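Where a number appears in this text, it was derived from the coordinates with a stated rule and is not lab data. Since the model is a prediction, treat every value here as computed from it, not as a measurement. Reconstructed Cβ throughout: ideal geometry from the backbone, glycine too, with neighbour counts over all protein chains shown.
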Amino acid sequence: MKARTAFIVLYATLALGMAVHAAEEEGFVSMFNGKDLTGWEGKPGGWWVEDGAITSESTPENPCLKHHYLYWKGGEPADFILRLKYKIAGGNSGIQFRSQTRPNFDTWGYQADMEAGPQWTGCLFQHGRGGVVMRGKRAVIAEDGTRQEEEFAPADELQKAVKADDWNDYEIVAQGSKVALRINGRLMCEVDDRDAKLACRKGIIALQMHPGPPMKVEFKDLRIKVFD
């Protein structure tokens, strides 16, 4: 009888967890079919699908000499939640959002950063400003570019939540002037960016391949919930 009761409790707990997860994912649409690059556009030969993941790799025989991006062709959202899984072995990469296209598969705008090293993962980067807000920091940037910032957690402690050379969950929340980045459920940084000249309000989403030493980056389970 006790075993049966325990089973019922376990079943109910699992069912509740599944219901909560389903509710959290309600309204999301897939950005990637898991088979090919339909709905994406990038440098010819620079990206492919491998083991169900969007992939790019730099090797000694085929190095990446200049950064390039894979553009999502599904729109230029302003306010949204973007969720995905990523894995990176060596080097640096990122998820571009609220961005603009540039020639030769380049971009300009916000980037949710990631790398194999300890500095940039979970930081909000932007071309022209560098680190808009670093891991462990919360900032408010005024219309004239001045900023107020505080630390809500040590950067090295948050780095421990990131799995090296393994799959990590990345979440980008962009609503109005506010952006928050989470990895594996942990808040990495957030900003209220009101800068009149440099704040980004809408634009494309893209994935980055970075030049430098040999590296490999993979993305899968990309899905987005766009707010009206």
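All other residues with a Cβ under 13 Å from the Cβ of E143 taken together, and with Lys, Arg as +1 and Asp, Glu as -1, what is their net charge?
-1
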Residues whose built amide H sits under 5 Å from the amide H of T107, excluding neighbours closer than 5 in sequence, are R102
Candidate lysines - alpha carbon under 24 Å from K216, same-chain residues fewer than 8 apart omitted
K35, K43, K66, K73, K85, K87, K160, K163
For the Cα atoms of the chain, what angle does the longest principal axis make with the long axis of helix 2-25, in degrees from 0 to 90, nearest 10?
30
Within region 105-200, which chymotrypsin sites (Phe, Trp or Tyr not before Pro) sit in a loop by DSSP and count at most 12 neighbouring Cβ atoms inside 10 Å?
F152
What net charge is computed for the residues neighbouring K220, neighbours being all others with C-beta under 14 Å from the C-beta of K220, Lys and Arg scored +1, Asp and Glu -1?
-1
With +1 assigned to the C-beta of every Lys and Arg and -1 to the C-beta of every Asp and Glu, and no other charges, what is the dipole magnitude of the chain about the Cα centre in debye, to the nearest 20?
260
Here FRET efficiency (C-beta to C-beta, D221 to E157, R₀ 22 Å, nearest 0.05) is 0.25
Between rounded, prolate and oblate, where does region 62-111 land on the alpha carbon gyration tensor, with a ≥ b ≥ c its root eigenvalues, rounded for a/c under 1.5, else prolate if a/b exceeds b/c?
oblate
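Would you work out the charge dipole size for region 54-103 about its Cα centre, treating the Cβ of every Lys and Arg as +1 and the Cβ of every Asp and Glu as -1, and quote it to the nearest 20 debye?
Using Cβ point charges on Lys, Arg, Asp and Glu, region 54-103 gives about 100 debye.
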